[in-house]
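Participant: Sharing a structure below in structure tokens format, with a few things to ask.
The values are calculated or read from the model by the stated rules, or taken from the named source; none is laboratory data. Small disclaimer: the values here were computed from a predicted structure and weren't measured. Counting neighbours? That spans all protein chains shown, and the Cβs are built from the backbone with ideal geometry, glycine included. Surface accessibility is based on the protein's heavy atoms, side chains included, excluding ligands, DNA and RNA. Shrake-Rupley method; radii C 1.70, N 1.55, O 1.52, S 1.80 Å.
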Amino acid sequence: MFGFGSKNIGIDLGTANTLVYVDGKGIVLNEPSVVAKNTQTEEVIAVGEEARDMIGRTPTNIVAIRPMKDGVIADYDTTAAMLKYFMQKALGNGSHPQVMICVPSGVTEVEKRAVIDAAKVAGARDAFVIEEPYAAAIGAGLPVMDPTGSMVVDIGGGTTDVATISLGGIVSSRSIRVAGDKFDEAIINHLRQNFNLLIGERTAEAMKIQIGSASVEKAKDIDGMTVRGRDLLSGLPKTIEISATDIASAIHENVLDIITAIKETLEETSPEIAADVIDHGIVLTGGGALLKHLPDVISDETKVPVFIAQDPLDCVAIGTGESLKNIDVLKKR
Ligand code: ADP
Ligand code: MG
């Protein structure tokens with residue numbers, strides 16, 4: 001069969017982070033989905049962690065690009081270059097693995113094709129896709145194969161994917177382009193409009209992670225933080241104190257959009273599956289699952305118990321890796 005070094009790997013190609021899972025080893029790489037390029041020569045200068053630290057800090061001849069947007073490929077060549085770099089870093093040069101790679105539910109055939117082609121350009125011998133919420137459910141340890149309904153809500157950087165799953169397949173799903181990045185944008189807009197303060201996306205993300213809350217009410221119990229940016233009136237650097245309530249109200253609309261998507265997905269399922277979900281609860285995965293008070297708020301609105309998966313940021317990669325077992329079955333199709 002295939003020679004040494006042709007391992008199967010799973011890739012969680014996320015809008016915010018890319019994870020590589022090697023069969024038999026587990027997650028071996030976890031880096032931001034960012035590429036720094038020279039604007040004149042198109043040469044790749046840095047990828048991952050190193051490139052992310054350049055966001056908002058690049059001189060005119062360098063750009064830090066996030067090639068994935070809203071869960072899909074926005075910049076094909078840069079995505080392929082990034083995948084190539086990550087695959088080589090994970091496996092060493094010259095390996096041509098079979099790759100299982102995830103895509104959000106509800107992407108078009110063209111978007112799916114683009115992901116498969118990018119993986120092949122990056123060096124994959126063969127590439128297969130798996131729907132992200134399904135992978136998330138496997139990684140969260142949900143009984144996806146059982147004749148019982150499970151619900152998973154994966155809140156990443158670009159999309160929130162909501163799905164009910166039973167008997168090895170997705171029963172109903174929704175993918176909305178509201179997730180971590182939209183929270184960050186809402187925070188940037190809020191500070192600009194209410195405090196005349198301009199902040200960068202890294203700063204907005206740091207505020208969301210440190211003091212962000214899905215509940216405006218419960219944000220009162222969270223300490224505020226000082227934030228630095230540029231005063232839009234004077235153009236000079238400025239430091240102000242922001243309360244957690246401010247941040248919570250900035251992102252509240254987005255939190256409500258996610259809750260609406262969950263409710264709609266529940267409404268679409270059969271009464272049996274809805275009953276199973278009420279019994280077993282909704283499981284949250286993805287980085288957005290860590291937003292403070294999110295489980296309580298979703299639970300209050302849906303009247304269903306809500307849990308955060310163990311290691312929510314790793315679930316999709318683990319599930320994608322687990323599904324490598326099925327790669328031979330997929331090949332026969
Ligand atoms: P993707 O799969 O799209 O790459 P991830 O599942 O890796 O996304 O999650 C990344 C998102 O989660 C980012 O928007 C990040 O800011 C957000 N995030 C990470 N930790 C937290 C936290 N503690 N609270 C709120 N959001 C978080
Ligand atoms: Mg993801």
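Participant: Using the alpha-carbon centroid of each, what span in Å lies between the stretch 220-287 and the stretch 292-310?
Facilitator: Going from one Cα centre to the other spans 12 Å.
Participant: Can you give the helix-only mean residue ellipticity at 222 nm for the chain, where every DSSP H stretch with n ≥ 4 adds -39500 (n - 2.57) and the sum goes over all residues, rounded to the nearest 500 deg cm²/dmol?
Facilitator: Only helices count here, giving -11500 deg cm²/dmol.
Participant: Please figure out what share of the DSSP beta bridges in the chain is antiparallel and state it in percent, rounded to the nearest 5.
Facilitator: Around 70 percent antiparallel, to the nearest 5.
Participant: Let's see if you can work this out: charge +1 on each Lys and Arg Cβ, -1 on each Asp and Glu Cβ, no other charges. What is the dipole magnitude of the chain about its Cα centre, in debye to the nearest 20?
Facilitator: Working: 31 positive and 46 negative charges, 201 e Å.
The calculated dipole for the chain is roughly 960 debye.
Participant: Quick check: net charge around Ser105, other residues with Cβ under 12 Å of its Cβ, Lys/Arg +1 and Asp/Glu -1? All intermediate terms of the calculation are to be shown ahead of the outcome.
Facilitator: On the way: positive: Lys112, Arg174; negative: Glu111, Glu131, Glu132, Asp154, Asp161.
My count for the surroundings of Ser105 gives -3.
Participant: Relative contact order for the chain: what percent, with Cα pairs under 8 Å and sequence separation of 6 or more?
Facilitator: Result for the chain is 18 percent.
Participant: Moving on to the next point. Among Val121, Val297, what's the order by accessible area (1.4 angstrom probe), most exposed first?
Facilitator: In descending accessible area the options line up as Val121, Val297.
Participant: Report, as a whole number in µm² per second, the diffusion coefficient that Stokes-Einstein gives for the chain at 20 °C and 1.002 mPa s using the Kirkwood radius over alpha carbon pairs. Please list the in-between numbers first.
Facilitator: Working: Rh = 20.7 Å.
The Stokes-Einstein estimate is 104 µm²/s.
Participant: Of the accessible area of the stretch 1-75, with the probe set at 1.4 angstrom, what percent is carbon plus sulfur?
Facilitator: Looking at the stretch 1-75 in its full context, I get 49 percent from C and S.
Participant: Classify the stretch 241-333 from the C-alpha gyration tensor, please: rounded if a/c falls under 1.5, else prolate or oblate depending on whether a/b exceeds b/c.
Facilitator: Numbers: a/c = 2.54, a/b = 1.51, b/c = 1.68.
Verdict is oblate for the stretch 241-333.
Participant: Right, another one. Say R0 is 56 Å: what FRET efficiency, to the nearest 0.05, do Arg230 and Ser299 get from their beta-carbon distance?
Facilitator: Approximately 0.90, to the nearest 0.05.
Participant: Give me the number: length gained by fully extending Ser243 to Gln310, i.e. 0.36 nm times residue separation minus the C-alpha to C-alpha distance, one decimal in nm.
Facilitator: Taking Ser243 through Gln310 to full extension adds about 21.2 nm, to one decimal.
Participant: Count the net charge of all other residues whose Cβ sits under 13 Å from the Cβ of Asn254, scoring Lys and Arg as +1 and Asp and Glu as -1.
Facilitator: Residues close to Asn254 contribute a combined charge of -2.
Participant: Still on this structure, I have one more. Quick one: net charge around Gly156, please, counting Lys, Arg +1 and Asp, Glu -1 for every other residue with C-beta under 12 Å from its C-beta.
Facilitator: So the environment of Gly156 carries a net charge of -3.
Participant: Here's a follow-up. Can you tell me how the stretch 143-307 classifies by the Cα gyration tensor, rounded, prolate or oblate, using a/c under 1.5 as the rounded cut?
Facilitator: Since a/c reaches 1.5 and a/b is larger than b/c, the shape of the stretch 143-307 is classed as prolate.
Participant: OK, next. Can you classify the stretch 83-224 as rounded, prolate or oblate using the Cα gyration tensor, where a ≥ b ≥ c are the square roots of its eigenvalues, rounded means a/c under 1.5, and otherwise it's prolate if a/b beats b/c and oblate if not?
Facilitator: Here the stretch 83-224 falls in the oblate category.
Participant: Further question: Quantify, in whole percent, the carbon and sulfur part of the accessible surface of the stretch 143-307 (1.4 Å probe; protein heavy atoms only). Don't skip to the end; give the middle numbers.
Facilitator: Working: 3790 of 7360 Å².
The C+S portion of the solvent-accessible surface of the stretch 143-307 is 51 percent.
Participant: Using a 1.4 angstrom probe on the protein heavy atoms only, could you order Val178, Val129 from most to least accessible area?
Facilitator: So, going from the largest accessible area down, we get Val129, Val178.
Participant: What full-extension length gain, to one decimal in nm, is calculated for Lys220 and Arg113 as 0.36 nm per residue of separation minus the Cα-Cα distance?
Facilitator: 33.8 nm
Participant: Set the bar at 25 Å for Cα to Cα. Now go through Lys37/Lys208; Lys263/Lys325; Lys120/Lys325; Lys25/Lys89; Lys7/Lys112 and name every pair that lies beyond it.
Facilitator: On the way: Lys37/Lys208 28 Å; Lys263/Lys325 33 Å; Lys120/Lys325 20 Å; Lys25/Lys89 15 Å; Lys7/Lys112 23 Å.
Over 25 Å apart, Cα to Cα: Lys37/Lys208; Lys263/Lys325.
Participant: Turning to a different aspect of this structure: Starting from 0.36 nm per residue, how many nanometres of slack lie between Asn326 and Arg57 once their C-alpha separation is accounted for?
Facilitator: Here the answer is 92.5 nm.
Participant: Moving on. Please calculate how many Å² of accessible area the chain carries per residue, with a 1.4 Å probe and no DNA, RNA or ligand atoms counted. Each step should come with its number before you reach the end.
Facilitator: Details: 15210 Å² over 333 residues.
For the chain, the per-residue accessible area is 46 Å².
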